[in-house]
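Participant: Got a structure for you, questions after.
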Amino acid sequence: MKKSFRRAGQVAAVGVAAALAGGGLIVTPAFASDVQTETAPVLGDQYDAFATSLLTEHADVVNGVGFNGSDIVVSVTDDEKAAAAKELLAEYSNIVIKNRGYVQAQTTDDVVGGAGLINENASAVCSFGFSGWSPSGDPIILSAGHCGEVGDVVTRSLPSDDDAPYFPGEEPTYTVTRFGDVGSFEFSQWGGPGGSAGSAGDLTSTDISAISVDNSALNLLPKVTDWSSWESEDLSTSGTAITSVGTVAVGDSIFRSGRSTGKQEGSVTEIQSYVNVCEDVTTDPPTNCHVVYGFWTDAVSRGGDSGGSFVKGNAAVGVLSGGNGTESFATDLSNALVQADGYTVMLDLAEPAVTSPASGSTVAPGATISGTGPAGLTLTGFGSDIVIGDDGNWTATAPSEPGTHDFTLQVKDAGYNKSDTVPYSIKVEAAAIASPVITSPAEGSEVTGPQVTISGTGAAGATIELTGDVTGTTTVADGGTWSIIGDAEYGAAEVTATQTLGADVQTTNVSFTVVQAALAAPVITSPANGAELTTSPSAITGTGVAGAEVEVSLGNGSSGDTLPPVTVDAEGNWAVEVSNQLAEGTYTIGASQSLNGETSAVVSSTFTIVAATTPTPTPTDDPNGQLPGTGADGGALLGTGIVGGALVLIAGSVLLIARMRRNAAAE
């Protein structure tokens, strides 16, 4: 059982909390019968001015002003003031009035032992909010400003003697056991700057403090406990890591944690709230009140929870400033840190991860190392800082010096937050030159000859020499490729590729078979296909594969001859002599060629020999019955002495003319 010893003062404090918790929560909207013609401002400077006016000019009625996402919420302390506020604000259509009673700072005045913070000077207990950093980078703890003044000494309390493990079965009794020294308050602001009460509409009105950590044995963690591990006295083994600082909106789910009630979940009900938080609400009016800017939630809290953390997801959003038994009011942490001028929250940064190559790998000098980490943050450990990309990826370059290299990798932000470290090691070796590889032809494959292309990969700049059935020399290109074209005989072939780069010499080989491509038929060029000839051709000509033997057949339907074979010359031409005079008729030529035991298809062509014809002139008589003049008379022609064929032709013509003339005379 928990210790039950309590002082009288503690009973009084509990009585106040019980009285507040017992008060009903009254929500009093303006009556529908009232004339509501105005809308109260809900944002910006106009909202601040409106809230300031209510809290200053009508402080006897209004105790707080906030915004619940749609309406202005005006907090009052009793039913009488609720009625007065309703009448005061009847013209506004977006006002909700809540009787919250007085909002008491959630501390106790007694010096009690517990897992929270104990203010030894003020004999009060509160709760730690978040681990953090001072402006100079020293570890501190953030809490509420009303929990202590600068210089007050702070100790810790034993978790099992705090009230959180027994709530809600038992209300807090504030019996504590000291658990070790911490430090002292080095910054504190409750209300406005310099200890002033603060005012509505003034964002400098806050509730925040920073506690130095003078005990070097303490190890602060960016974490908020959920109190499930209290029996071990080590609250750090269970809870939520804090990875950022955020803000809230109405309806957001949050949880809060403190030494009196432990972890309590709830929702944000109001934001942009200016509230009078009072130290003593047992007097009328309450005393020592300060205006604080923050937000309301429906998470339960009790005395001693002040300064405790409010968390949304993994974001730090507030510290407890006060409550009324059924609701909790938190300082807006983002705004409070602005007023704290350089104090920040300690964050749990994700450690970097190396994706390639794995730790312990052997790599070449200058190889690329890649990995992941929190976007926009900085990776350290490779000698120079590396900014992690917006996509969460980073790259580094391996050292050029051979040997084993050990690294300690870590992520840091622009402040003092650093991730856990990650060890990483690689071995750098100067790589031997890449062995030559013959990529084509493949081992055991067939390739068409006689020209063969041998190609492959190797070390850029190296010399490749081929020996064997294909020979040649080339240099490996910058991209690591090479190629040589050479002649090879048909049949089995083997080629060796030797790569030389400086003193490094390496070889590889490949075996393959060189085969002949399908032999094409020869081409018959003369006589042309379909030609008509008046004389017998003396030869048949064409083109083919150099060295091939061409066999030609010649026939005219029912009979034919195979002509003597001929060889295609080096220029690819061939000709077969036709020794016999061919008579008139249609002839078909067939031709094929053979090379290395392979014979092509037969190609055919036709031509026709026709009889030669001599044109016969047709004479025409003139009107006088005379033949047209030829430029000479017959006697003259006969007397010319023209010899040879011309004389015979002319003589024939003369005889023809003579006969025609005689026939004419006879008629």
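Participant: Between Tyr424, Tyr416, which is assigned to a strand (DSSP E or B) and among the aromatic types (Phe, Trp, Tyr)? Show your work before the answer.
Facilitator: On the way: Tyr416 fails: assigned to a strand (DSSP E or B).
Residue meeting the stated conditions: Tyr424.
Participant: Between Asn509, Asn573, Asn580, which is polar (S, T, N, Q) and within 30 Å of Val437 (Cα to Cα)?
Facilitator: Only one candidate passes the filter, namely Asn509.
Participant: Ok, one more. Residue under question is Val422, and the condition is that it be among the hydrophobic types (A, V, I, L, M, F, W, C), under 30 Å from Leu221 (Cβ atoms) and in contact (Cβ under 8 Å) with a residue 60 or more places away in the chain; does it hold? Spell out how you get there, then give the answer.
Facilitator: On the way: among the hydrophobic types (A, V, I, L, M, F, W, C): yes; under 30 Å from Leu221 (Cβ atoms): yes; in contact (Cβ under 8 Å) with a residue 60 or more places away in the chain: yes.
So Val422 fits the description; yes.
Yes/no matrix, rows are residues, columns are (1) crowded, with 19+ Cβ neighbours inside 10 Å; (2) closer than 12 Å to Ile426 by Cβ; (3) charged (D, E, K, R):
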residue: Thr368; (1), (2), (3): no, yes, no
residue: Gly371; (1), (2), (3): yes, no, no
residue: Gly376; (1), (2), (3): no, no, no
residue: Leu379; (1), (2), (3): yes, no, no
residue: Gly383; (1), (2), (3): no, no, no
residue: Asn393; (1), (2), (3): no, no, no
residue: Ala396; (1), (2), (3): yes, yes, no
residue: Pro399; (1), (2), (3): no, yes, no
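Participant: Restricting to the range 166-183, name every residue that is without any contact (Cβ under 8 Å) to a residue 60 or more places away in the chain and either under 16 Å from Gly116 (Cβ atoms) or in contact with a Phe, Trp or Tyr (Cβ under 6 Å, 6 or more places away or on another chain) (or both).
Facilitator: Answer for the range 166-183, where residues must be without any contact (Cβ under 8 Å) to a residue 60 or more places away in the chain and either under 16 Å from Gly116 (Cβ atoms) or in contact with a Phe, Trp or Tyr (Cβ under 6 Å, 6 or more places away or on another chain) (or both): Gly180, Asp181, Gly183.
To keep it simple, each residue is scored yes or no on (1) surrounded by fewer than 19 Cβ atoms within 10 Å (Cβ to Cβ); (2) closer than 25 Å to Ser236 by Cβ; (3) not basic (Lys, Arg).
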{"position": "Ser134", "(1), (2), (3)": "yes, yes, yes"}
{"position": "Val154", "(1), (2), (3)": "no, yes, yes"}
{"position": "Ser157", "(1), (2), (3)": "no, yes, yes"}
{"position": "Gly180", "(1), (2), (3)": "yes, yes, yes"}
{"position": "Glu186", "(1), (2), (3)": "yes, yes, yes"}
{"position": "Ser205", "(1), (2), (3)": "no, no, yes"}
{"position": "Val213", "(1), (2), (3)": "no, yes, yes"}
{"position": "Leu220", "(1), (2), (3)": "yes, yes, yes"}
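Participant: Also: Which residues, counting only those in the range 448-475, are more than 47 Å from the chain's Cα centre (by Cα), surrounded by 17 or more Cβ atoms within 10 Å (Cβ to Cβ) and part of a loop (DSSP other than H, G, I, E, B)?
Facilitator: Passing the criteria: Asp469, Val470.
Participant: What are the residue pairs meeting all of these: first residue in the range 235-259, first residue closer than 24 Å to Gly303 by Cα and in contact (Cβ under 8 Å) with a residue 12 or more places away in the chain, second residue outside any strand (DSSP E or B) and polar (S, T, N, Q), Cβ atoms under 7 Å, and 6 or more apart or on different chains?
Facilitator: Leu235/Ser229; Ser238/Ser228; Ser238/Ser229; Thr240/Asn314; Arg256/Ser301; Gly258/Ser127; Gly258/Ser301; Arg259/Ser127
Participant: Now a separate question. State the number of residues belonging to the range 116-130 that are more than 13 Å from Phe185 (Cβ to Cβ) and surrounded by fewer than 24 Cβ atoms within 10 Å (Cβ to Cβ).
Facilitator: The number of residues fulfilling the criteria is 1.
Participant: Can you spot a residue in the range 369-382 that is of a type outside the set (Ser, Thr, Tyr), closer than 30 Å to Ser134 by Cβ and more than 22 Å from the chain's Cα centre (by Cα)?
Facilitator: Yes, that holds for at least one residue.
Participant: Run Ala546 past the list (1) in the same structural domain as Val603 (by the TED database); (2) at pLDDT below 90 and report the number of the one that doesn't hold.
Facilitator: (2)
Participant: Write out, first by first residue and then by second, each pair whose Cβ atoms fall under 6 Å of each other, whose residues are 6+ apart or on separate chains, and whose first residue, in the range 195-220, is closer than 11 Å to Ile141 by Cα while the second is aromatic (Phe, Trp, Tyr) and assigned to a loop (DSSP other than H, G, I, E, B).
Facilitator: Ala210/Tyr343
Participant: If Gln36 meets every condition in (1) in contact with a Ser or Thr (Cβ under 6 Å, 6 or more places away or on another chain); (2) at pLDDT 85 or above apart from one, which number is that one?
Facilitator: Against the list (1) in contact with a Ser or Thr (Cβ under 6 Å, 6 or more places away or on another chain); (2) at pLDDT 85 or above, Gln36 comes up short only on (2).
Participant: Can you tell me which residue is modelled with the highest pLDDT among those in the range 90-108 that are assigned to a strand (DSSP E or B) and hydroxyl-bearing (Ser, Thr, Tyr)?
Facilitator: Here the residue is Tyr92.
Participant: Follow-up question, since we're still on this one. If we only count strands (runs of 3 or more DSSP E) wholly inside the range 502-618, which ones have 2 or more residues that are touching a residue at least 40 places away in the same chain (Cβ under 8 Å)?
Facilitator: On the way: elements: 504-516, 523-526, 531-533, 539-543, 549-555, 560-562, 573-577, 585-595, 603-609.
So the answer is 504-516, 523-526, 531-533, 539-543, 549-555, 585-595, 603-609.
Participant: Just checking, how many residues over the range 319-369 are in a loop (DSSP other than H, G, I, E, B) and either free of Cβ contacts under 8 Å to residues at least 60 places away in the same chain or not aromatic (Phe, Trp, Tyr) (or both)?
Facilitator: 22
Participant: Being under 20 Å from Pro450 (Cβ atoms) and of a type in the set (Ser, Thr, Tyr) is the filter; apply it to the range 531-576 and report the residue that is surrounded by the most Cβ atoms within 10 Å (Cβ to Cβ).
Facilitator: Thr543
Participant: Those residues that are among the β-branched types (Val, Ile, Thr) and modelled with pLDDT of 90 or more, I need them from the range 278-313; list them, please. Step through it out loud before you land on a result.
Facilitator: Step one: list which residues in the range 278-313 are among the β-branched types (Val, Ile, Thr), which gives 281-283, 287, 291-292, 297, 300, 311.
Selection gives Val291, Val292, Thr297, Val300, Val311.
Participant: Restricting to the range 370-380, name every residue that is assigned to a strand (DSSP E or B) and farther than 12 Å from Asn393 by Cβ.
Facilitator: Passing the criteria: Thr378, Thr380.
Participant: Being assigned to a loop (DSSP other than H, G, I, E, B) and surrounded by fewer than 21 Cβ atoms within 10 Å (Cβ to Cβ) is the filter here; which residues of the range 249-276 pass it?
Facilitator: Residues satisfying the conditions are Ala249, Val250, Gly251, Asp252.
Participant: Out of the residues in the range 287-310 that are assigned to a loop (DSSP other than H, G, I, E, B) and surrounded by fewer than 24 Cβ atoms within 10 Å (Cβ to Cβ), state the one that is nearest to the chain's Cα centre (by Cα). Before the answer, list the steps.
Facilitator: First pass over the range 287-310, keeping only residues assigned to a loop (DSSP other than H, G, I, E, B): 298-308.
Of the ones still in play, those that are also surrounded by fewer than 24 Cβ atoms within 10 Å (Cβ to Cβ) are 298, 300.
Numbers: Asp298: 41, Val300: 44 Å.
Out of the qualifying residues, it is Asp298.
Participant: Condition (residue is modelled with pLDDT of 95 or more, exposed (fewer than 15 other Cβ atoms within 10 Å of the Cβ) and of a type in the set (A, V, I, L, M)) applied to the range 230-248: is it met by at least one residue?
Facilitator: Checked against the condition, which is being modelled with pLDDT of 95 or more, exposed (fewer than 15 other Cβ atoms within 10 Å of the Cβ) and of a type in the set (A, V, I, L, M), the range 230-248 yields no hits at all.
The values are calculated or read from the model by the stated rules, or taken from the named source; none is laboratory data. In this text, all values refer to a predicted model and were calculated from it rather than measured experimentally. Using ideal geometry, Cβ is built from the backbone for each residue, glycine included, and neighbour counts are taken over all protein chains shown.
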